[in-house]
Protein chains: 2
Amino acid sequence: MELQSFFNPQSIAIIGVSHDRHKVGYLVAANMVDQGYEGKLFLVNPKGGTLLNRSVHKDIKEIDEPIDLAILAVPADVAIAMFPTLAKKKITNIVLFAAGFKEVGDAEGAKREKDLLEACSKYGITLLGPNCIGFSSNKSKVNATFLKHVVPAGNIGFISQSGALGSVMVDEFVARHNLGLSYFISMGNKSIIDESDALDFLAKDPETQVIALYLEGVVDGEKFKQTLARATLIKPVVILKSGTTEAGSQAAMSHTGGLAGDDSIFSSVFKQCGAIRAATYVEFTTLLHMFSYDRVPTSGSVLVLSNAGGVGVLLADELVSENLSLVTVSNRTKNELTKVFGDSKKITVHNPIDLLGDASAFDYEKAITSTIQERDVGAVVILLTPQANTEILETAKVIVKAQQGFDRPIYPVFMGKDSVQIAHDYFQEHMVASFRYHDYITHAIGKAVRYRDYLSSHAGHVDHFPDSEVEPAVVKKITSILNKSKERPFLDLEDSLKICELIGVPVAETILAKTEKDLHDAIKLFKYPVTLKIASKQITHKTEVAGVYPSLHSHESAEEAFHNLLAIKGADGAYVQKQAGGYEFFMGAKRDANFGTVIVVGLGGIYAELFKEVANRVFPFTQAEFISMLKDTRMHKLLSGFRGHAPVDMGLLYSCVFRVGILMETFPQIKELDINPLFVLPDEVRAVDARIIL
Amino acid sequence: MELQSFFNPQSIAIIGVSHDRHKVGYLVAANMVDQGYEGKLFLVNPKGGTLLNRSVHKDIKEIDEPIDLAILAVPADVAIAMFPTLAKKKITNIVLFAAGFKEVGDAEGAKREKDLLEACSKYGITLLGPNCIGFSSNKSKVNATFLKHVVPAGNIGFISQSGALGSVMVDEFVARHNLGLSYFISMGNKSIIDESDALDFLAKDPETQVIALYLEGVVDGEKFKQTLARATLIKPVVILKSGTTEAGSQAAMSHTGGLAGDDSIFSSVFKQCGAIRAATYVEFTTLLHMFSYDRVPTSGSVLVLSNAGGVGVLLADELVSENLSLVTVSNRTKNELTKVFGDSKKITVHNPIDLLGDASAFDYEKAITSTIQERDVGAVVILLTPQANTEILETAKVIVKAQQGFDRPIYPVFMGKDSVQIAHDYFQEHMVASFRYHDYITHAIGKAVRYRDYLSSHAGHVDHFPDSEVEPAVVKKITSILNKSKERPFLDLEDSLKICELIGVPVAETILAKTEKDLHDAIKLFKYPVTLKIASKQITHKTEVAGVYPSLHSHESAEEAFHNLLAIKGADGAYVQKQAGGYEFFMGAKRDANFGTVIVVGLGGIYAELFKEVANRVFPFTQAEFISMLKDTRMHKLLSGFRGHAPVDMGLLYSCVFRVGILMETFPQIKELDINPLFVLPDEVRAVDARIIL
C-alpha cells in the first residue's frame, strides 16, 4: 500500500470543523495550524464563517483545488454518507475519527463497519481508522490528531493501537529536548490501513530511525510477520503489546494448547522477526530513547563508573541478572588508574569502578579517559548521586565531551530529582541518552544487544529449510487413518504413533494386547524391559488413572500390570511397548488463529505441564532458530551434554520437529498434536506416546 | 542499645567546623542551622572566630554545659586522639565522618579500626560511623549530615549503608510534598552502632511509620534476624540489598553450596522475618510512598478504572503476572454502571473498566461511586492518560474526595509529564499515593499484600518446633563415624546414609559389594529391582562417570552393571541398594557465615542443578514456614497431589528436614550435607544418596 501522499499530503480538508474548543472539529484544526502545516488547508462546515483566522467552506464542493487528504470530524453515519461526494472530488485518502463501528461489539456497530468497508471498496478509499485519533507527520508538519499538544519533532515513528498511549508519549516528549516523533499513527479499527501497512511505510521512511509499535492484536498474521521481518533488517522495531495473560483463561485439550498461549506466540513471532519486545511502557520509552539518539551498545559487556559504591553494585547485580557482563578491567588500566589518582584517593579499580563520594568532575574525566578504551567495552554506564560537593553540570560536560569522541554509548545515570535536572537537560541537548534511575537501562541494553545479534545472523542471510514434500503414498495412508477416526475428537496412541512413523519420526514399536496371550506374544517379540499403557477411547490422561507401567522386567510384574490396567474403567486393552531410554522431550504443534502452525518443544514426561520448560516458534523455522528456541529453555543445556553425557544430534531432533510442522501444513484436519515423551539419546530419538487432536 | 539521647540530643558540639564551603566542617554546621536545630549548638575549631553568626569555641574544654552528642568533622587520627578529652567532658555519643579505617582494606586501615574500637570500649563510647555521612532526626530538627539539602520532614525512617543513597532519596523527596524522613541514619563502618541497633530504635520510634533499609551486609546475623522479626510485627520494613550476584562466583563442593548463595539466604531471612525486599531503587521508593501515606492494599484483589482501554489491559497483565487478581464486577454493579452512564456512553463494565478516551471528571466520579464498594476490593487503581478533553485536576479532586471516605487505597496513575504535574501535586498535598506509570505499583501491591499475610499469620503467634534433642547414644555413634573420617573431606555414601538413619531419616538399605558373591548375597536379601552405585573415595559426582545403574531386574543386568562399575578408575566396589520409588526430592544443609544453618529443599535427582527448583530457609523454622518454602518452588504443587496422585505427608517430610537441621546444630564439624535424592511417596520417604562434607 502506497501511503506517501496519505501521510504527506500537499493539501488537506478538515470536514466538520467547530468553534467549540472541546470538540474534535476544533482541536484537529487548531493542532494543524499550531503544528505549522505548510500545505494547503481547507476547513469545512455547513455553517461557514471563519475559524482560526481562516474562512470556513460551507461545502467540500466549493473547493476547486485538488485535495490529497480529507479528515472527517463528523459522526459515523454522516461520514459514510459523505463518501460519494468525496469520491466525486477524487478524494481517496481519509482519516475517520468517529467511533460506533465494530469496536462497540453490537449488531449496529457491525453493520456500520460492513457499510464502511463496502463504501471504501466501492470508491477505492484508503482509510485510517475509524475510532482513531488520527496521525501526525513531522516531515509535512501535519497534525491530524486531537492530541493536547503540538507533536514534538523527532525520529521515532510511533504506530499505536491506542490513541491514549500517543497522548502519554507526546505529553512526556514535550518536556524533553531532542526527543520526538517522525510520525504518530493511531490505528483505530484498522478497517483499511493496518499495522503492517503503517510498519512498511515507516520502515522505508528515511526520517524514521526507530519504529515504536503498540499492539493489541494483528489483522493479518502472515502479512505482519513478513513485514516485520523486513522492517527489522532496516531499523529497530520496539513493540509494546498488551494481553499477555489472556492465554490462562482458555481451556485446552492438548498439552500444546495449554503450553503455547496466544501471547507467547506473539512473543515468538517478535523473536523470529527480530523485533524487540518491551515489557512495560517505561522500558518501551527507554529503548526508544537509546535508539532515537543512536546510542546503542556494541556488546553486552558493560563498564560502570560511579561515585557511590553501593549503587554501582546494585547496577552490577541487575546487569548480571540480565545476562550481561561486567568488563574485566585489565591490569594495565588498573595501573593507569592508580597512577592518575595517586595515593591520596583510593578508588576501587575493578568494575564497577567506585570514584568515591567526593568525586569531582575532573575525577570522572580522569577515570573515563583511563578506562573507556578498554578492550571489549560494549557500553559505559556512569552513575552519579548528588552528594555534597558533586559537580553535577561539570560532570555532565565531561561526559558529553567523552561521548563525542567515542563510538560506543555512554549512558549517564544521574540519580535524584531537583539537583540533577540541569544535567539531564544538558545531555538531551547533546543527544546523550541519560536516565534518572538504572532500573530499566539494563533490560534495554540486554534487548538492544540481542537485536544486534539478530542482525548479524540474519542480515543478508537466506533461510534454509529441509525438504518439505510428503510423498503421495504417505499422504494417502495418513488420510485413511485420519478418515477412519472421523467421529472421534482425537486419535488413539496406536494411530497417532503410526502417523508419526509415516512422516519419519521414529517411534517405539507398539502392540495392542487384549488378552494375556497377546501380552506374552508382544513381550516375546520385544524382550524385556517393556512398558504397558492403558488403551482406551475414553481416557485422555493416562498417568492420572495410573495407566502407565514403565520398566517391566519380568512375567510376574508384566502380568500384574496388565491386570491392573484392564481393571481400570474404560480400558479396551493394554499397549505393550519396548522400553525406550533417554531424555524425555516434549514436541507439539497447534494452529494459531493469527500465525498458523506453531511448534512447541521442551521438557517432556509427566512434569511437562508442571515446569512449563517449553518454547514455541511459528513454523517454518531454520535449525539455527530451533537451537535458539531450545535456548529459551533449560533443555538446551541438558541436550548439549549435561554432566558428562554425550550431546544430542540436534540435526536429527530438528528434522523430527520440522516433519511435524510439515504434517500440520499438509493435513489441515489435524488441530493439535502432542508427542510426549519423545525419548532422546545422543544419536537416536523415539516417540513413545503421542496424541493427535482433530 | 539505648539511642534516644544519641538521635535526639539536647545539646550538640560540632568539632572541626570550617569556613570552607566545600568542607564537611562547614556543610554539617550549615545543615544543622538550616534544619532549625532547637537544642544548644556549639561549634568548635582551634582558630575560634565566628561562623554562621555564631561564635566558635577554640576548645571543647571551654564549654561549661553538658554535651549530649559530639560530631567529629576531623581526620581519623585526630578524632581518636580526641577521645580522652571527650571522655573527660562525659561525652559518650559520637558521630565520626572520617574515612581511613577498615573500609580501605589495608593494614593501616585495620590498625586504625582496632585503635578506634579499643578507644570506644575504654571510654564507653556509642559511635555512629566512621566513614559515614551522619544522621538526621526530624523530631529534634537535627541534621548531622553533609547532605546537599535540608532533610524533608516525614515518617520514613531510613537506615542506609550508603550515604550516596541517602543523598538520592533526599534529593527526590525535596521535590515532593508530604514525603520525607523521620530519621536518616548513615551506617558507615558500623563499628559500634550496627544496623540492628538502628532498626530497633526506629521500630520503637512513634514518629516512624515505615522503615527503609539499604543493606550490603550485616554485622551480626542472629541479632539482625531477631531484631528484624520483632520490627516487622510493629511496622513495615522495606529493604533494598545489593550483592545478589556474588554467589555465582564461589565454587561449591556440594549441591547445597551451589544452590543457596549468600544473597538468596538474605532473601530467605527477609521472608522468614516478614521484611519486604524491593528489587530496585524505584520499587523501594514506591513501597515507601505507599506505606508513608498509609495507603496499603487490604487484599490482592484489584479494581482498575481507566480512560484508555489498552493501558488498562497492560496493567491487568502486570497484576496477573504478580499473582494478583482483578476484582470480578458483580452483575448488580454492572447494571448500576450501565444505568448511570446511560445509552449514550458505552463503557466497558468488566474489570479493567474502560471509561473511554473522552471520560470527564464526572464520569470518573460516577464510575468510582458505583464500583469501589464492590465486595473484595483490596485496592483500586485509577489510570488517566492526558487526552484532549481530559479534566486532569478535576479528576484528581474527585479521587481525593473518594479516597477520604474509603478505607482501602486508591492509587491514581496519571501518566505523562507536563500535563499531569498539577494532579500529582494535588495528590501529595492530600496524602494520596499517586504514580506516573504503573510499572512498579503492581510489584508494590503484591509485596504489601504478602506483608499483610505475614502479619496475620505471625502476629501474636508462637512458633512450634518438634522435639530437638539427639539422644546421647546417637550422638556417640555419629561422633565415632565422623571421627573415623577425619582425614577425608567428605563421608562416603555408606557413612552418610548411616548418619541420616541415626538421626531418623529413613534410608534405603545399602550393602557394599566388592565381589560377585557380595553382590548376589545382597540381591538375595533385597530382591529385585536393585540399584548399583559406584563406591569410591575419589569420585565426587557419580553420574558424571556413569556410576549409577538404577532399576536392575535380572542377574544378567546386575552382573553387567557390577563389572562396568568395577572397571571405572578409582572404584572400590559397588553399593547395592533396594530400588526405591517416588518423587525425587532434594534436601541439603549448609552453614552460612551470617546466619548459621541453612536448609535447602527442592527438586532432586540429576536435574537438581539444571532446574534449580529449590528454596532455602535459615534453621529452625516451623512446618508452616516449610510449606511456604516449598511454595517458592513448583515442588509444592507436585507433592500436594499432582495429576491424580495422592498428596505427600508434609509432616513426615518436615520432620526429616528438621532432623537434618538438628544434626547440623549438634555437630559443628559437619560443613555441608546433601541428600539427593530422597524418594518421596505419599506416606513414606527414603534417602538413597547422601554426602556429608566435613
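Of the strands (runs of 3 or more DSSP E) entirely within segment B:528-609, those holding at least 1 residues that are aromatic (Phe, Trp, Tyr) occupy B:548-552, B:573-578, B:583-592. With respect to (1) surrounded by fewer than 24 Cβ atoms within 10 Å (Cβ to Cβ); (2) within 20 Å of A:Val400 (Cβ to Cβ); (3) in contact (Cβ under 8 Å) with a residue 60 or more places away in the chain, the lone exception for A:Glu365 is condition (3).
Consider segment B:371-392 and keep the residues that are out of contact with any strand residue (DSSP E or B) (no Cβ under 9 Å at 6 or more places or on another chain) and within 14 Å of chain A (Cβ to nearest Cβ). The one that is surrounded by the most Cβ atoms within 10 Å (Cβ to Cβ) is B:Gln387. Selection over segment B:596-637 of residues that are in contact with a strand residue (DSSP E or B) (Cβ under 7 Å, 6 or more places away or on another chain), within 14 Å of chain A (Cβ to nearest Cβ) and surrounded by fewer than 20 Cβ atoms within 10 Å (Cβ to Cβ) gives a count of 3.
Note on segment B:358-389: residues that are in a loop (DSSP other than H, G, I, E, B) and more than 41 Å from the chain's Cα centre (by Cα) amount to 5. Of all residues in segment A:1-58, those that are hydrophobic (A, V, I, L, M, F, W, C), assigned to a helix (DSSP H, G or I) and touching a helix residue (DSSP H, G or I) at 6+ places or on another chain (Cβ under 9 Å) total 2.
One residue alone among A:Ala175, A:Ala164 is within 14 Å of chain B (Cβ to nearest Cβ), surrounded by 24 or more Cβ atoms within 10 Å (Cβ to Cβ) and free of Cβ contacts under 8 Å to residues at least 12 places away in the same chain, and that residue is A:Ala164. Within segment B:540-555, residues that are at the interface with chain A (Cβ under 7 Å from one of its Cβ atoms) and more than 16 Å from B:Gly573 (Cα to Cα) reach partners that are surrounded by 15 or more Cβ atoms within 10 Å (Cβ to Cβ) and among the β-branched types (Val, Ile, Thr) with beta carbons closer than 8 Å, at six or more positions or on different chains, in the pairs B:Ser551/B:Thr531. Taking each residue of segment B:297-320 that is free of Cβ contacts under 8 Å to residues at least 40 places away in the same chain and within 13 Å of chain A (Cβ to nearest Cβ) and looking for partners that are outside any loop (DSSP other than H, G, I, E, B) and buried (at least 23 other Cβ atoms within 10 Å of the Cβ) with beta-carbon atoms closer than 8 Å, six or more apart or interchain, yields B:Gly310/A:Ala164; B:Gly310/A:Leu165; B:Gly310/A:Tyr214; B:Ala316/B:Val304. The set of residues in segment A:80-93 being small (Gly, Ala, Ser) and under 23 Å from A:Glu2 (Cα atoms) consists of A:Ala87 alone. Scanning segment A:202-227 for residues that are within 17 Å of A:Leu181 (Cβ to Cβ) and hydroxyl-bearing (Ser, Thr, Tyr) yields a total of 2. Restricting the search to strands (runs of 3 or more DSSP E) fully inside segment B:127-224 and requiring at least 3 residues that are closer than 20 Å to B:Arg277 by Cβ gives B:153-160, B:210-215.
Can A:Val313 be described as touching a Ser or Thr at 6+ places or on another chain (Cβ under 6 Å), assigned to a helix (DSSP H, G or I), under 17 Å from A:Tyr440 (Cβ atoms) and at pLDDT below 95? Answer is no for this residue. Applying the criterion of being at pLDDT below 90 and crowded, with 19+ Cβ neighbours inside 10 Å to the residues of segment B:527-544, the residue that is farthest from A:Ala646 (Cα to Cα) is B:Pro529.
Applying the condition of being among the basic types (Lys, Arg) and within 11 Å of another protein chain (Cβ to nearest Cβ) to segment B:321-348 and asking which residue is surrounded by the fewest Cβ atoms within 10 Å (Cβ to Cβ) yields B:Lys345. Of the residues examined, A:Asp64 is not one that is within 14 Å of another protein chain (Cβ to nearest Cβ), surrounded by fewer than 20 Cβ atoms within 10 Å (Cβ to Cβ) and not polar (S, T, N, Q). Tallying residues that are within 14 Å of chain B (Cβ to nearest Cβ) and either part of a helix (DSSP H, G or I) or of a type in the set (Asp, Glu) (or both) within segment A:638-669 yields 5. So which residues in segment A:513-526 are surrounded by 13 or more Cβ atoms within 10 Å (Cβ to Cβ) and either out of contact with any strand residue (DSSP E or B) (no Cβ under 6 Å at 6 or more places or on another chain) or among the aliphatic types (A, V, I, L, M) (or both), if there are any at all? Selection gives A:Ala513, A:Glu516, A:Asp518, A:Leu519, A:His520, A:Asp521, A:Ala522, A:Ile523. Across segment A:1-33, the number of residues qualifying as surrounded by fewer than 21 Cβ atoms within 10 Å (Cβ to Cβ), within 14 Å of chain B (Cβ to nearest Cβ) and under 36 Å from the mean Cα position of the chain (by Cα) comes to 0. Restricted to segment B:405-429, and to residues there that are more than 12 Å from chain A (Cβ to nearest Cβ) and charged (D, E, K, R), the residue that is surrounded by the fewest Cβ atoms within 10 Å (Cβ to Cβ) is B:Asp407.
Across segment B:437-464, the number of residues qualifying as farther than 15 Å from B:Arg277 by Cα, touching a helix residue (DSSP H, G or I) at 6+ places or on another chain (Cβ under 7 Å) and not in a helix (DSSP H, G or I) comes to 4.
The values are calculated or read from the model by the stated rules, or taken from the named source; none is laboratory data. None of the values given here were measured: they were computed from a predicted structure. Glycine also receives a Cβ, built like all others from the backbone with ideal geometry; neighbour counts cover every protein chain displayed.
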